[in-house]
Every structure is written in C-alpha cells, then in structure tokens.
Ligand SMILES: Nc1ncnc2c1ncn2[C@@H]1O[C@H](COP(=O)(O)OP(=O)(O)O)[C@@H](O)[C@H]1O
Ligand SMILES: [Mg+2]
C-alpha cells in the first residue's frame, strides 16, 4: 500500500482586501494550495501579484486593519 505524505498546510479560497483612498484593493483573490510533508512550494508571479500578502496572511502576520480577509487556512500542529 502506498504511504502518502501527510498534508501539513491547506489554504482554500484565500482573499485579502485593503480599503484605500482610491478604492478597494483586492490584493489576493481565490488562492488555494496545499503542502505535504517533504514538499517545497515555490510561489512565483509578477511584482504586485500578491505573493507577499498571501504569504503574510497564511502566517497570520497581516494586521487585522486595514486588511480584511476571507478563506480558510489549516496547518498541522505537529510535524
Ligand atoms: N497595505 C496595503 N495597502 C494597500 N494595498 C496593498 C497593501 N499591501 C499590498 N498592497 C497591494 O496588494 C497587491 C499585492 O502586493 P504584494 O503581495 O506585495 O505583491 P508581490 O509580493 O507579489 O509583489 C499589490 O497591488 C500591492 O500594491
Ligand atoms: Mg513581495
């Protein structure tokens, strides 16, 4: 029987928005991915595409205001 690696991080339909003077900035929309034990995930994209904001959101490092978010993020507590 195949022994599948354990899933350690699941991000589903992540969205982050910033209200600004020029209107609402939808920095991240509909991002989903999962990561398993021994996997390495690279996030690539053009400047301003949401790499930093999505990663900060997953790590819980975005300030509650002014950013607002939606989606779910599940991380394993033991590795
Ligand atoms: N605090 C903020 N207020 C308003 N807009 C922001 C803020 N932080 C990031 N953004 C916007 O969110 C988008 C994604 O930014 P970012 O995640 O830094 O991109 P990347 O890391 O891929 O270059 C960009 O349009 C950026 O201008
Ligand atoms: Mg960045």
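Each value in this text was obtained by applying a stated rule to the coordinates, not by laboratory testing. The structure displayed is predicted, hence computed values, not measured ones. Note that each Cβ is placed from the backbone with ideal geometry, even for glycine, and that neighbours are counted across all protein chains shown.
Okay, here's what the table says:
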item: Members of region 23-68 found to be outside any strand (DSSP E or B), more than 10 Å from ligand 2 (Cβ to nearest atom), under 30 Å from residue 4 (Cα atoms) and in contact with a helix residue (DSSP H, G or I) (Cβ under 9 Å, 6 or more places away or on another chain), listed by number; result: 44
item: Subset of region 13-22 (residues that are in a strand (DSSP E or B) and exposed (fewer than 14 other Cβ atoms within 10 Å of the Cβ)); result: 13, 19, 20
item: In region 28-51, the residues that are farther than 21 Å from residue 74 by Cβ and surrounded by 13 or more Cβ atoms within 10 Å (Cβ to Cβ); result: 49
